[in-house]
1. Note down, for the chain, the three equivalent ellipsoid semi-axes (square root of 5 times each alpha carbon gyration tensor eigenvalue), biggest first, whole angstrom.
2. Between the alpha-carbon centers of segment 155-219 and segment 103-131, tell me the distance in whole angstrom.
3. If you keep only loop residues by DSSP, which trypsin sites (Lys or Arg not before Pro) in segment 245-299 have at most 16 other Cβ atoms within 10 Å of their Cβ?
4. Shape of segment 97-245 from its Cα gyration tensor (a ≥ b ≥ c, root eigenvalues): rounded if a/c is under 1.5, otherwise prolate when a/b > b/c, or oblate?
5. Can you pull the percent of the chain's accessible area that's carbon plus sulfur, 1.4 Å probe, other chains left in place?
6. Which chymotrypsin sites (Phe, Trp or Tyr not before Pro) in segment 17-73 sit in a loop by DSSP (not H, G, I, E or B) and have at most 13 other Cβ atoms within 10 Å of their own Cβ?
7. Over the alpha carbons of segment 78-156, what is the largest minus smallest coordinate on each principal axis, giving the biggest first in Å?
8. Whole Å is fine, so just give me how far the alpha carbon centre of segment 16-34 lies from that of segment 246-299.
Amino acid sequence: VATAGQVQPNFAIVPVGANNSITLYLFAGGNVVVDLLGTFAPAPAGPVMEGRFVAVDPVRVLDTRPESGGPVPPEWTPHRPAAGEAVRVTGIPAGAAAAVVNVVADQAVGAGYLRAQATGAVGLTPSNGNFVGGLASGTLSVVPVGPDGTISVFTSNSTHLVVDLMGWITGPTGVNGVAGRDGLFVPLSPSRLYDSRLGAGVHVTLTTRTVQVTGGVVPAGARAVSMNLTSDAAAGAGYLTVYPADSGQPIISNLNYPAVDPRANAGMVRLPDAGVLKMFVNQTTHVIIDVNGYFTGPT
């Protein structure tokens, strides 16, 4: 939280401590709202069908901006969704119980909030992201999939919506009907993996760097990583894209940031065999990565 009075959301996967609780710490004090989206339970012995994260090469599955020519639901004309409108998101893999998505509000007419939800769900009150007028803002979410195989994004104020798919959580049919032990979550005590302020230097506009994720707290063979991404001291508003080093740069964003003020968002990203990720910025900024867990590989 950079200045007083801000409403700043983030997504976090947090190890559960004593008395089935977690602890929140605010450096400067303030009000806190916590929305529970789900939990990870200990996996039974042997292969399992449900609750495994299947990381994909990140892909854009919704973009309501007409100038972008991005994906929209069938028979839906690109436009800026109105206040109170919910937009259906297609492109979720068949058999997914939940989708892992980054949801961005862009070109909003004023302050508001987003709620990513299973299509057809009613009576929900949590928010997945908060935004202000004119500044792109995104939040990672794990969203249950509705009976028709889609999710929906509700907005409280008129804004364009962009949704990027990072992966999905298996349901009763596993992955194409196959059980396994890959994609199980292993929580870690949060630790700093990368900080460009400490020697590497600022990331310059339109440049890409690599970061080695495995080999320390994240073991070799991990299939995906859970982390928190932070921009600091940016020269202007921009975005950060983090993606597996063995694939091409996708047209997605993991973090949208303003000038100067620090801004954070969670990330869940597939790891290649070598355990290396690439980081692209479209505007000069420092980048910080904190790791809080990983997802197991097939062995």
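1. Semi-axes from the Cα gyration tensor: 26, 25, 20 Å.
2. Spelled out, the Cα-based centre of one part sits 22 Å from the other.
3. Listed in order of number, the matching sites amount to none.
4. Oblate, since a/c reaches 1.5 and b/c is not below a/b.
5. Ligands and nucleic acids excluded, carbon and sulfur reach 56 percent.
6. Values: sites: 25, 27, 40, 53; in loops: 25, 27, 40.
Passing sites in segment 17-73 are 25, 27.
7. 37, 25, 22
8. 25 Å
The values are calculated or read from the model by the stated rules, or taken from the named source; none is laboratory data. Bear in mind that the values here come from a model prediction, so they are computed numbers and not experimental data. No Cβ is skipped: glycine too gets one built from the backbone with ideal geometry, and neighbour counts run over all protein chains shown. Remember, those area values only see protein heavy atoms, side chains included, never the ligands or the DNA or RNA. Shrake-Rupley method; radii C 1.70, N 1.55, O 1.52, S 1.80 Å.
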